[in-house]
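Student: Below is the structure I would like to discuss, written out as structure tokens.
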Amino acid sequence: MNQAASAEQTVRIERVEWDDPRAAALRAEMDAEIAPRYAYLNDALTPEQLAVRAEAFVLDPATLRGVYLALDADGTPLGHAALRRLEAGGAVEWELKRLVTVTAARGRGVGSLLIEAVETDAAAAGASRVVLQTGVKQPEAIALYERLGYQPIAAYPPYAGRVPEGVYYAKELG
């Protein structure tokens, strides 16, 4: 049995609001884990470059189609993901955002289940693909995305020219 099939037996995906306290706690946990990996940027970039970079990561909750939590059988949050609608130059993209799995649940297929929920919702919205941004210092995320069929793409707005450590992927749906 693969990890995702195993996780399906004990994990449920729940759609929640962006400001759900469990979702906010998981995002804060993600930020605390990831921030040290990119601390070198504080010295490598000018204050202006850092401001431009930070602006690229601003997320307006009104652009979200869905926020998803993975919950254990007892309701313990195990992971988080969101689906955001991006519009640039008249084009619409659907972006996987803020995927995180708590350390204790890694390797159980939780991330795969969350990505499946995002992809299903994106397809229901008429998306032909899902895009995502991650960073060069997140090899675990890169490995997961590539294992699930995501292919490298060029940087897209709002990250293009703003996020020097960015790595970008897309997966065709259908």
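The values are calculated or read from the model by the stated rules, or taken from the named source; none is laboratory data. Given the structure is predicted, the values throughout are model-derived calculations rather than measurements. Quick reminder, even Gly has a Cβ in these numbers, built from the backbone with ideal geometry, and neighbours come from all protein chains shown. What goes into the accessible areas is simple: the full protein's heavy atoms, side chains included, and nothing from ligands, DNA or RNA. Shrake-Rupley method; radii C 1.70, N 1.55, O 1.52, S 1.80 Å.
Student: What accessible area, in Å² to the nearest ten, does a 1.4 Å probe give for residue 17?
Tutor: Approximately 130 Å² of residue 17 is accessible to the 1.4 Å probe.
Student: Which value, in debye to the nearest 20, gives the size of the charge dipole of the stretch 39-100 about its Cα centre, when Lys and Arg are +1 and Asp and Glu are -1 at the Cβ? Show your work: numbers first, answer last.
Tutor: Details: 6 positive and 9 negative charges, 31 e Å.
I would put it at about 140 debye.
Student: Oh, and also: Mind checking the per residue accessible area of the chain for me, 1.4 Å probe, whole number of Å²? Don't skip to the answer; put the middle values down first.
Tutor: Details: 8810 Å² over 174 residues.
Using a 1.4 Å probe on heavy atoms only, each residue of the chain averages 51 Å².
Student: Using a Debye calculation, one point per C-alpha and no hydration shell, please list log10 I(q)/I(0) for the stretch 82-145 at q = 0.16, 0.26 Å⁻¹ in order.
Tutor: Cα-only, vacuum Debye calculation for the stretch 82-145: -0.56, -1.17.
Student: Ok, one more. Given a 1.4 Å probe and every protein chain left where it sits, what share in percent of the accessible area of the stretch 1-131 is carbon and sulfur? Don't skip to the end; give the middle numbers.
Tutor: Values: 3490 of 6660 Å².
C and S atoms contribute 52 percent here.
Student: I need the trypsin sites (Lys or Arg not before Pro) found in the stretch 73-174, filtered to DSSP loop residues with at most 16 other beta carbons within 10 Å of theirs.
Tutor: Details: sites: 84, 85, 97, 98, 106, 108, 129, 137, 147, 162, 171; in loops: 106, 108, 137, 162.
The qualifying sites are 106, 137.
Student: Taking every pair of distinct Cα atoms and averaging 1/r, then inverting, what Kirkwood hydrodynamic radius in Å comes out for the stretch 32-79?
Tutor: Values: mean 1/r = 0.0719 Å⁻¹.
With all distinct Cα pairs of the stretch 32-79 included, I get 13.9 Å.
Student: Additional query: Cα-based Rg (one decimal) and Dmax (whole number) for the stretch 112-174, in Å?
Tutor: Values for the stretch 112-174 (Cα only, Rg and Dmax): 11.9, 33 Å.
Student: Would you compute the Debye intensity of the stretch 40-137 from its alpha-carbon atoms alone, equal scatterers and no solvent, and pass along log10 I(q)/I(0) at q = 0.25 Å⁻¹ to two decimals?
Tutor: -1.25
Student: Also, quick follow-up: Distance between the C-alpha centers of the stretch 47-119 and the stretch 153-174? Whole Å please.
Tutor: 14
Student: Sticking with this structure for a sec: Report the charge-dipole magnitude of the chain in Debye, nearest 20, computed about the Cα centre from +1 at each Lys and Arg Cβ and -1 at each Asp and Glu Cβ.
Tutor: Working: 18 positive and 24 negative charges, 51 e Å.
Rounded to the nearest 20 debye, it is 240 debye.
Student: Give me the base-10 log of I(q)/I(0) for the chain at each q in 0.19 Å⁻¹, Debye formula, one uniform scatterer per Cα, rounded to two decimals.
Tutor: Here log10 of I(q) over I(0) equals -1.41.
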